[in-house]
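Single-structure report; data block below.
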Amino acid sequence: QEQLVETGGGSVQAGGSLRLSCTASGFTFKYYNMGWFRQAPGKEREFVATISYDGFFTNYADSVKGRFSISRDNDKNTMSLQMNNLNHEDTAVYYCNAGGGVRGETPTPGEIWGQGTQVVVSS
């Protein structure tokens, strides 16, 4: 079965950094666009960043541009999100996603989701 597992969440003070990782199994990872989405308390799930299947195209939400960097390693079936200069608004559960769109202000997520990893940024 298709599976995504996120790791790397935790608590960090504002201005700090965190790196999330997503490990894929059960499907041919290198053929899938990937992305990160997040959901804060009381809010809908929102797009954070996406990357094309070959890593050529990346896309970021305006709120994280210049601070976050998405990457992937198709040889290891992994995707990462490097988060720098974190602020309180970044507090959310972050979800790994496979099979969605890449471009646009609100890329459509694919059908494969991870369980999520909690990120808490203290103000």
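The values are calculated or read from the model by the stated rules, or taken from the named source; none is laboratory data. This one's a predicted model, so the numbers in the text were calculated from it and none came from an experiment. Don't worry about glycine lacking a Cβ; one is built from the backbone with ideal geometry, like all the others, and counts go over all protein chains shown. Please note that ligands, DNA and RNA were not included when accessible areas were found on the heavy atoms of the full protein model with its side chains. Shrake-Rupley method; radii C 1.70, N 1.55, O 1.52, S 1.80 Å.
Return the FRET efficiency for the residue pair residue 14, residue 118: r is the Cβ-Cβ distance, R0 is 22 Å, and the value is rounded to the nearest 0.05.
Values: r = 16 Å, r/R0 = 0.75.
Between residue 14 and residue 118 the formula returns 0.85.
How big is region 50-106 on each of its three principal axes, counting only the C-alpha atoms and giving the largest first in Å?
That works out to 33, 25, 19 Å along the principal axes.
Compute the FRET efficiency between residue 2 and residue 71 as 1/(1 + (r/R0)^6), taking r as their Cβ-Cβ distance and R0 = 25 Å, and round to the nearest 0.05.
0.75
What are the ³J(HN,Hα) couplings of region 110-116, residue after residue, when phi is run through the Karplus curve with 6.51, -1.76, 1.60 and θ = phi - 60°? Round to Hz, x for glycine and proline.
With coefficients 6.51, -1.76 and 1.60, one gets x, 8, 9, 10, x, 7, x Hz.
How large is the Kirkwood hydrodynamic radius of region 1-72, counting all unique pairs of alpha carbons, in Å? Let's see the in-between values first.
On the way: mean 1/r = 0.0730 Å⁻¹.
Here the Kirkwood hydrodynamic radius works out to 13.7 Å.
Please compute the Kirkwood hydrodynamic radius over the chain, one decimal place, Å, based on all pairs of different Cα atoms. Walk me through the numbers before you get to the answer.
Working: mean 1/r = 0.0710 Å⁻¹.
After inverting the mean inverse Cα-Cα distance, the result is 14.1 Å.
Could you work out what % of the accessible surface of the chain is carbon and sulfur, using a 1.4 angstrom probe and leaving DNA, RNA and ligands out of the count? Walk me through the intermediate numbers first.
Details: 2920 of 6620 Å².
For the chain, the apolar C and S fraction of the accessible surface comes to 44 percent.
Let me check against my output: what whole-number percent is the relative contact order of the chain, with C-alpha pairs under 8 Å and at least 6 apart? Can you show the working numbers first?
Values: 321 pairs, mean separation 42.7, N = 123.
Contact order relative to length: 35 percent.
For the chain, give me the percentage of DSSP beta bridges that are antiparallel, rounded to the nearest 5 percent.
Values: 36 of 40 bridges.
Here the antiparallel bridges make up roughly 90 percent for the chain.
Enter the Cα centre distance for the pair region 71-99 and region 1-16, rounded to the nearest angstrom.
Between the Cα centre of region 71-99 and that of region 1-16, the gap is 7 Å.
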